[in-house]
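Written out below as structure tokens is the structure these notes cover.
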């Protein structure tokens, strides 16, 4: 019988398989590294994209914050202008009132009474004057009460003033300004 030594053939086959295994292992490792690098690039790309979106939002938020601040400033200025306009309109509207009040003060003064001082504070008028008699002071109070422009005449004090005559008196009187209804004013 012939003797065939299969040992070298087996060893060659084993070496070939080992070589194929290592090549396959290197290919799989290379594929794994490539896959890992690709996954890293994809994730980094997504992170950069999200950071770009976040920066875009931050920039737009800054722009909107500036616009909101500008709008608030404009609203504040608008309110100031409206307040000024309201004050001017009130002054324009109240301008003829003082003329009417002074006119009514003159119209309500009876004969024998004259004013030495008239002061206005808000809607209150303080009158200091001299009358020929107490009856003239009463007549003045009735006329003030009957006027559409005045209400609540209140006599603070009455003193004799002999330097103006035997029955003459000085008086202090307070009265409130009352705006008449628009129908009565016309």
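The values are calculated or read from the model by the stated rules, or taken from the named source; none is laboratory data. Quantities reported herein were computed from a predicted structural model and do not represent experimental measurements. FYI the Cβ positions are ideal-geometry reconstructions off the backbone, even for glycines, and counts take in every protein chain you see.
Within the stretch 85-115, the set of residues being loosely packed, with under 10 Cβ neighbours inside 10 Å and at pLDDT 85 or above comprises 106, 111. Within the stretch 28-49, can one find any residue that is touching a helix residue (DSSP H, G or I) at 6+ places or on another chain (Cβ under 7 Å) and surrounded by 10 or more Cβ atoms within 10 Å (Cβ to Cβ)? No; the residues of the stretch 28-49 include none that is touching a helix residue (DSSP H, G or I) at 6+ places or on another chain (Cβ under 7 Å) and surrounded by 10 or more Cβ atoms within 10 Å (Cβ to Cβ).
Matching residues to (1) surrounded by 15 or more Cβ atoms within 10 Å (Cβ to Cβ); (2) more than 48 Å from the chain's Cα centre (by Cα):
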| residue | (1), (2) |
| --- | --- |
| 139 | yes, yes |
| 143 | yes, no |
| 147 | yes, no |
| 150 | yes, no |
| 160 | no, yes |
| 164 | no, yes |
| 168 | yes, yes |
| 180 | no, no |
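Do the conditions hold for residue 135, that is, is it free of Cβ contacts under 8 Å to residues at least 40 places away in the same chain and either in contact with a helix residue (DSSP H, G or I) (Cβ under 8 Å, 6 or more places away or on another chain) or assigned to a helix (DSSP H, G or I) (or both)? Here the answer is yes, as residue 135 does meet what is asked. Number of residues in the stretch 111-123 that are touching a residue at least 12 places away in the same chain (Cβ under 8 Å) and within 16 Å of residue 170 (Cβ to Cβ): the value is 7.
Checked against (1) closer than 17 Å to residue 177 by Cβ; (2) surrounded by fewer than 18 Cβ atoms within 10 Å (Cβ to Cβ); (3) touching a helix residue (DSSP H, G or I) at 6+ places or on another chain (Cβ under 9 Å), residue 155 meets all criteria but (1).
Quick check on the stretch 110-131. Is at least one of its residues under 23 Å from residue 178 (Cβ atoms) and part of a helix (DSSP H, G or I)? Among the residues of the stretch 110-131, not one is under 23 Å from residue 178 (Cβ atoms) and part of a helix (DSSP H, G or I), which makes the answer no.
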